[in-house]
1. What number comes out for accessible area per residue over the chain if the probe is 1.4 Å? Units Å², please.
2. With all protein chains present, calculate the accessible area of Leu54 using a 1.4 Å probe and round the result to the nearest 10 Å².
3. At a Förster distance of 51 Å, what's the computed FRET efficiency of Trp173 paired with Leu247, Cβ-Cβ distance as r, to 0.05?
4. Using θ = phi - 60° and the Karplus curve 6.51 cos²θ - 1.76 cosθ + 1.60, what whole-Hz ³J(HN,Hα) does each residue of the stretch 10-20 get, with Gly and Pro shown as x?
5. Heavy atoms of the protein only, probe of 1.4 Å, neighbouring chains included. What is the accessible area of Asp150 in Å², nearest 10?
6. Per DSSP helix of 4 or more residues, -39500 (n - 2.57); summed, then divided by the residues of the chain. What does that give at 222 nm, rounded to the nearest 500?
7. Hey, got a sec? Which chymotrypsin sites (Phe, Trp or Tyr not before Pro) in the stretch 119-183 land in a DSSP loop and have at most 15 other Cβ atoms within 10 Å?
8. Which is the longest run of the chain containing none of the GluC sites (Glu not before Pro) found in DSSP loop states (not H, G, I, E, B) with at most 11 other C-beta atoms within 10 Å?
Amino acid sequence: MTTEWKTVSLFPIPSVIYLIHNNVQFATLTYVDTSTYQIMGNLKIVTTGILFRLFLGRRLSNLQWMAIVLLAVGTTTSQVRGCGEASCDSLFSAPIQGYMLGVLSACLSALAGIYTEFLMKKNNDSLYWQNIQLYTFGTLFNMARLLADDFRGGFENGPWWQRIFNGYTITTWMVVLNLGSTGLLVSWLMKHADNIVKVYSTSMAMLLTMILSLFLFNFKPTLQLFLGIIICMMSLHMYFAPPNMLLDMPLTVKPDEEKLIEVSVDRRTLS
């Protein structure tokens, strides 16, 4: 458990980035509809790959870059609705501010994830101690934001700590528990895997979401969803499979045959 201030002082940075990112998300929704927002959110897949290369110095092969782009295409395909619906016309009809905020949101999301991975792998501290630092600073910054809102509103509805649980139901608590568990699992991925694995796990979750929705909400899957899932599975295989499984590699030459080839080449050069 590293307690030096030089190390601890690095943990407020992702908290600030996530705070800005969350507010940018809400600002984006004031300019675009939910379908456009979901589709633009897939930009974070590509921005994560770019920042993964720039800031962490991880080299990706050409096949892996193609797989990342294919993943973004697959998730976008699964979220595009039929063009017979009214929302199809609104996809490219939002104000320019909405698209700019969407790109900014994708960049901030990727930056926060990459920086968090850097912190998690910076030393061998306990994962739980690192989570305590991340969530403590996140809580403090959000408390400061709530307090600022109270001062701005003149405490008309009372201080935030008196109404923070207003409207909470069993469903609300289940959502909080779900999101909290997800955050802990993501931190485990950051510590022992990387952001690309997180991106793939999030994208492939739509397959499980579709299966559960069939039973819980009588959901009718669309052709776009099936195509998107197939594309994402192809991307998953392209990124993580060994190259010899993806390409028809030439037959390996045995050492004795290599010597014969070298001798024949030498004789030709001498002649």
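1. About 66 Å² of surface per residue is accessible.
2. 120 Å²
3. That gives a FRET efficiency of 0.50.
4. These are the phi-based 3J(HN,Hα) values: 7, 6, x, 4, x, 5, 5, 4, 5, 4, 5 Hz.
5. Per-residue accessible area (Asp150): approximately 10 Å².
6. Rounded to the nearest 500, the figure is -24500 deg cm²/dmol.
7. For chymotrypsin sites (Phe, Trp or Tyr not before Pro) across the stretch 119-183 that sit outside H, G, I, E and B with at most 15 neighbouring Cβ atoms in 10 Å, the list reads Phe155, Phe165, Tyr168.
8. Counting at most 11 other Cβ atoms within 10 Å as exposed, the longest clean stretch of the chain is 157-271.
The values are calculated or read from the model by the stated rules, or taken from the named source; none is laboratory data. Everything numeric here is computed off the predicted structure, so don't read it as measured data. Neighbour counts run over all protein chains shown; Cβ positions are idealised from the backbone, glycine included. We work out accessible area using only protein heavy atoms, side chains counted, and drop any ligands, DNA or RNA first. Shrake-Rupley method; radii C 1.70, N 1.55, O 1.52, S 1.80 Å.
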